[in-house]
1. Looking at residue A:246, is it crowded, with 20+ Cβ neighbours inside 10 Å, in contact with a Leu (Cβ under 7 Å, 6 or more places away or on another chain), modelled with pLDDT of 95 or more and in the same structural domain as residue A:161 (by TED's automatic domain parsing)?
2. Any idea which residue in segment B:46-55 is nearest to residue B:252 (Cα to Cα), counting only those that are more than 7 Å from chain A (Cβ to nearest Cβ) and part of a helix (DSSP H, G or I)?
3. Which one of A:116, A:105 is buried (at least 23 other Cβ atoms within 10 Å of the Cβ) and in a strand (DSSP E or B)?
4. Is it the case that residue B:89 is touching a residue at least 40 places away in the same chain (Cβ under 8 Å) and either crowded, with 24+ Cβ neighbours inside 10 Å or more than 7 Å from chain A (Cβ to nearest Cβ) (or both)?
5. Restricting the search to segment B:230-256, which residues are assigned to a loop (DSSP other than H, G, I, E, B) and within 11 Å of another protein chain (Cβ to nearest Cβ)?
6. Condition test on residue A:74, is it within 9 Å of another protein chain (Cβ to nearest Cβ) and either touching a Phe, Trp or Tyr at 6+ places or on another chain (Cβ under 8 Å) or part of a loop (DSSP other than H, G, I, E, B) (or both)?
7. Among what's in segment B:180-229 and is of a type in the set (Ser, Thr, Tyr) and part of a helix (DSSP H, G or I), pick the residue that is farthest from residue B:20 (Cα to Cα).
8. Out of B:144, B:127, which single residue is at pLDDT 95 or above, surrounded by fewer than 22 Cβ atoms within 10 Å (Cβ to Cβ) and outside any helix (DSSP H, G or I)?
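The values are calculated or read from the model by the stated rules, or taken from the named source; none is laboratory data. Nothing here was measured: the structure is a model prediction, and the numbers come from that model. All Cβ positions, glycine included, derive from the backbone under ideal geometry; neighbour counts span all protein chains shown.
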There are 2 protein chains.
Amino acid sequence: MSINLDKYGFIKRDTPRDINLDPLQTGGILTPEARQALQEWGDGYSVCDYCGGSLDQIKTPPIFDFVHKALPEFLGTDQARITNGAREAKFAVMHSMCKEGDWIVMDGNAHYSSLVAAQRARLNIKLVAKSPAPEYLITPEKYLEAIEEVKHSTGKSPALAMLTYPDGNYGNLANVKEISKLVHEDGIPFLVNGAYAIGRMPFNGKELGADFVSGSGHKSMAASGPIGVLGVSEQYAPRVLEKSKTHKAKELELLGCTARGATIMTMLASFPAVYERTKPEHWQREVEDARWFSSQFESLGLTQLGDKPHNHDLMFFEGMRFYDISQKIDRYFLYRELKARSIHGIKPGLTKNFKISTLGVGREKLGVVIDAFKEILNKYQ
Amino acid sequence: MSINLDKYGFIKRDTPRDINLDPLQTGGILTPEARQALQEWGDGYSVCDYCGGSLDQIKTPPIFDFVHKALPEFLGTDQARITNGAREAKFAVMHSMCKEGDWIVMDGNAHYSSLVAAQRARLNIKLVAKSPAPEYLITPEKYLEAIEEVKHSTGKSPALAMLTYPDGNYGNLANVKEISKLVHEDGIPFLVNGAYAIGRMPFNGKELGADFVSGSGHKSMAASGPIGVLGVSEQYAPRVLEKSKTHKAKELELLGCTARGATIMTMLASFPAVYERTKPEHWQREVEDARWFSSQFESLGLTQLGDKPHNHDLMFFEGMRFYDISQKIDRYFLYRELKARSIHGIKPGLTKNFKISTLGVGREKLGVVIDAFKEILNKYQ
């Protein structure tokens with residue numbers, strides 16, 4: 001037997017992170033309630049004690065109330081379900097709404113998992129062109145163009161349209177209401193991927209014109225993943241949430257059951273805090289923090305790309321001054337300097353282009369980050 | 001806003017469970033190391049700090065070593081991957097190996113999720129007949145019959161064959177080697193669903209003749225779910241693990257990434273203990289405990305269905321004496337009496353037919369259960 005068992009067992013997580021700017025992580029940091037829930041519900045199948053065959057129907061703990069009352073209202077959709085993640089929610093919509101070989105139109109800023117989900121569903125993908133640097137905007141005009149091109153080349157409308165709101169690269173919030181309007185004028189069902197919106201900012205699927213929404217628990221709802229949420233309109237629910245003919249309680253696209261145990265219970269545990277932070281007055285403060293951070297960063301010679309003034313905590317920066325230093329010193333100098341200051345979130349080796357998130361960090365710690373970047377510049381210039 | 005936030009936040013889990021016989025739960029109870037790992041890695045995306053684009057390639061923590069070295073050897077397969085659960089592993093195999101409308105042959109004891117996965121993949125299902133009560137055996141002869149029937153009615157071999165080993169109802173271990181042999185004689189790829197085997201008992205996919213295996217982390221590997229494992233032979237790996245043409249690090253059937261965070265880290269944390277318990281000498285003791293429990297239970301007038309003598313910790317019982325009492329008292333009397341004794345695992349309301357698992361409970365506590373059933377019988381008769 002050649003397995004080296006010493007490698008496994010309990011493993012420490014040793015990255016310092018007094019300040020965390022990682023866009024993947026800021027919205028997923030567990031609340032104290034979620035940390036408690038982890039221990040309480042960590043065992044496999046912990047929520048299944050009173051399950052009659054459907055996760056969403058479990059009354060104790062109150063998963064039924066969460067899925068059928070709180071979540072549809074929170075998402076602004078008629079129906080809601082729990083999935084294993086945003087990408088699994090997107091695939092469920094694509095797989096149930098489309099046939100193999102159908103066309104899907106999606107924004108050119110879409111997350112890779114949207115493309116991979118469409119490829120897994122064996123769809124043809126038409127990307128909506130984004131505007132050139134430095135803004136990378138997705139406009140309704142370009143959506144229309146993409147749809148027209150599909151119609152022209154295939155003779156029919158795309159089977160589905162998708163928008164990433166905001167996208168995960170630039171944190172751009174496209175004009176979703178205009179886009180949903182023109183998509184619907186062609187009778188095309190419309191999916192809004194809100195993995196970076198739902199749980200961070202005010203969000204209402206119906207107001208945006210979405211027929212489906214996907215969200216991420218571990219990305220933006222302070223839940224221990226993998227877990228996601230899916231919202232569906234009454235019109236399309238029978239198709240997306242179709243039940244098995246042989247097992248009448250089981251929904252096909254969810255394979256009968258999804259995120260049970262610690263994942264759903266941490267989502268429930270964090271929900272009051274997540275609900276609170278998405279209120280307009282709190283989100284407005286987050287947006288102001290992001291804008292302040294962006295202006296401070298730009299005063300150091302970095303450039304923020306994407307929407308400006310910015311409307312989201314996720315931002316993309318170009319750091320040519322730091323890149324120039326990395327060419328003289330080594331490419332890891334910035335990572336090393338930040339790590340020494342317990343500032344986490346910019347990937348090792350990046351200087352020229354990187355993204356960060358200011359969500360929940362607060363003005364004081366953001367000031368510490370700005371000071372750190374000043375110090376590092378002074379040290380190496 | 002009508003959401004009642006008071007329902008959420010931290011919720012206690014109040015079922016007493018000094019002794020746990022729940023077949024869903026005995027193999028998923030976390031080890032102390034996994035409980036530690038939960039707290040350490042509970043945040044969303046905790047394992048992604050050093051990720052270059054593929055979960056299975058992460059060197060720190062040692063996910064790469066686990067997925068590419070330990071797991072293939074543990075499963076007895078050429079390749080292995082982490083999935084969101086056994087059902088997701090099965091769907092990945094079905095979806096990649098079959099076209100819509102193809103036929104799959106599976107045992108008549110298959111878990112509902114196998115049928116639902118095949119239905120989601122839009123396959124036709126041919127069930128292998130099981131022998132009548134009380135044994136419910138799946139025999140190679142009946143497998144052959146099912147395959148022949150598909151060939152007869154469609155003119156070609158099924159696209160895939162699947163066996164549940166053991167099944168989740170009776171804990172029956174079919175003659176998998178014989179079945180794999182005859183399946184392969186017809187050139188049919190063979191999937192073994194080992195959700196109740198992998199992590200509990202000695203298991204080697206190649207020795208069993210499996211081209212694919214699926215296992216469950218939260219069911220049988222003491223991991224906080226949802227998480228599963230997928231094993232694939234070299235022959236079929238290019239198809240099941242096909243990568244995206246646009247995103248070369250991302251595997252289509254895994255949608256690019258699966259169980260990250262606490263789920264994979266609790267699996268790593270429990271792995272040394274799980275590896276230990278699957279050694280033949282430990283498993284033999286579990287089988288002896290199960291057989292002893294079965295004989296004690298039968299001496300109280302219950303009947304064990306399925307393989308006899310039994311070869312697995314999961315057992316199905318018929319409890320007519322308890323059913324008769326429930327008709328006079330009320331259907332919840334047994335659940336109530338067991339709950340008062342902190343014995344968990346028989347679903348509320350069941351008396352006539354129920355399943356239990358003796359895995360890891362130990363002879364002493366199993367004796368407490370036997371005594372409890374005796375007391376309850378005496379009390380009500």
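1. no
2. B:55
3. Result of the check over A:116, A:105: A:105.
4. Yes, satisfied.
5. B:242, B:244, B:245, B:246, B:247, B:248, B:249, B:250, B:255, B:256
6. yes
7. B:180
8. B:127 is the lone residue from the list that is at pLDDT 95 or above, surrounded by fewer than 22 Cβ atoms within 10 Å (Cβ to Cβ) and outside any helix (DSSP H, G or I).
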